[in-house]
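The values are calculated or read from the model by the stated rules, or taken from the named source; none is laboratory data. Note that this is a predicted model, so its numbers are computed, not measured. No Cβ is skipped: glycine too gets one built from the backbone with ideal geometry, and neighbour counts run over all protein chains shown.
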Amino acid sequence: MYARRIGDRFGPGVLIGGSIIVALTFSLPRHADAQADCMWPAATSDSFANGPSSVDLGDYSESEVEALEAGEIVVRRAADQYEGVAIVEAEARSVWRVLIDFDTWPRIVPNVESVSVQGSSEDHRLHQRFKFLWTRYEATSFWSCEMGGYSARLRLRLDPTAPSDFERLETVFDVAQIGDGPKSIVRVRTLAETGVPMPQIIRMAIARSVLPDSLAALSREVTGF
């Protein structure tokens, strides 16, 4: 009953409880302007209307869902990753358009100092420079897009052949439409390992700072407030 009630409130873009069916996805096109082919599909397209959501809040507590509805950003640990979730007062297609515009990241995303799109006709990569706690890091990641029902996903995974300050780096952004109005839900999951041991309490402290700041900055860029 609870899962059904929350699902009714959030609408088709968010999956509360149950399992996710295999999403209809596509690989990045083999040309330089890959971002142009990651555009949000039209509402009438079969892949958009019939695919499942990629934002699953099935294990969220009632208090966490209520916090989201109240406009708070929820940060939590999920297995070996950390995730932040927020509701943005804008259509998902508008959020997605800003998210895949990598040139805006240094301006709107805290801790990101520079971004450059790299790659060839065979792959697409993103080189980033970060700054956390007075320390600078850099990494190059492969990036790809997946489109589902009322949702889209941007996935970054570390390129092991390129110089990097990380041993592991994975980030996934999910954006899903909520109902028919100007409202969407955004989730970011990240895993970062530099090879330097760090207590979980410190990791969570960093996550509670970086993830809300990033989601809030994305929301401001889209909504203007």
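Scoring VAL85 on the criteria (1) under 15 Å from the mean Cα position of the chain (by Cα); (2) within 16 Å of ILE178 (Cβ to Cβ); (3) outside any strand (DSSP E or B) leaves a single failure, condition (3). Once the stretch 173-225 is narrowed to residues that are in contact with a strand residue (DSSP E or B) (Cβ under 8 Å, 6 or more places away or on another chain) and basic (Lys, Arg), the residue that is farthest from VAL65 (Cα to Cα) is ARG203.
For the stretch 60-78, give me each residue that is without any contact (Cβ under 8 Å) to a residue 40 or more places away in the chain, part of a helix (DSSP H, G or I) and more than 17 Å from LEU215 (Cα to Cα).
SER63, GLU66
What residue, of ALA34, ALA86, ALA92, is touching a His at 6+ places or on another chain (Cβ under 6 Å) and either over 14 Å from ASP174 (Cβ atoms) or modelled with pLDDT of 50 or more (or both)? Talk me through it step by step, then tell me what you get.
Numbers: ALA86 fails: touching a His at 6+ places or on another chain (Cβ under 6 Å); ALA92 fails: touching a His at 6+ places or on another chain (Cβ under 6 Å).
After applying the criteria, what remains is ALA34.
For VAL109, state whether it is modelled with pLDDT under 90, closer than 24 Å to TRP143 by Cα and buried (at least 19 other Cβ atoms within 10 Å of the Cβ). Full working, then the answer.
Working: modelled with pLDDT under 90: yes; closer than 24 Å to TRP143 by Cα: yes; buried (at least 19 other Cβ atoms within 10 Å of the Cβ): yes.
Considered against the rule, which asks whether it is modelled with pLDDT under 90, closer than 24 Å to TRP143 by Cα and buried (at least 19 other Cβ atoms within 10 Å of the Cβ), VAL109 comes out as yes.
Taken over the stretch 178-195, the residue count meeting the criterion of being in contact with an Asp or Glu (Cβ under 7 Å, 6 or more places away or on another chain), assigned to a loop (DSSP other than H, G, I, E, B) and touching a residue at least 40 places away in the same chain (Cβ under 8 Å) is 3. If you scan the stretch 157-177, which residues turn out to be touching a residue at least 24 places away in the same chain (Cβ under 8 Å), under 20 Å from the mean Cα position of the chain (by Cα), crowded, with 17+ Cβ neighbours inside 10 Å and over 17 Å from MET147 (Cβ atoms)? Residues satisfying the conditions are ASP159, PHE166, LEU169, GLU170, THR171. Evaluated against (1) more than 20 Å from ALA217 (Cβ to Cβ); (2) surrounded by fewer than 16 Cβ atoms within 10 Å (Cβ to Cβ), CYS145 falls short on exactly one condition, (2).
In a residue-by-residue description of the stretch 204-221, the property of being free of Cβ contacts under 8 Å to residues at least 40 places away in the same chain and closer than 18 Å to ALA92 by Cα applies to no position.
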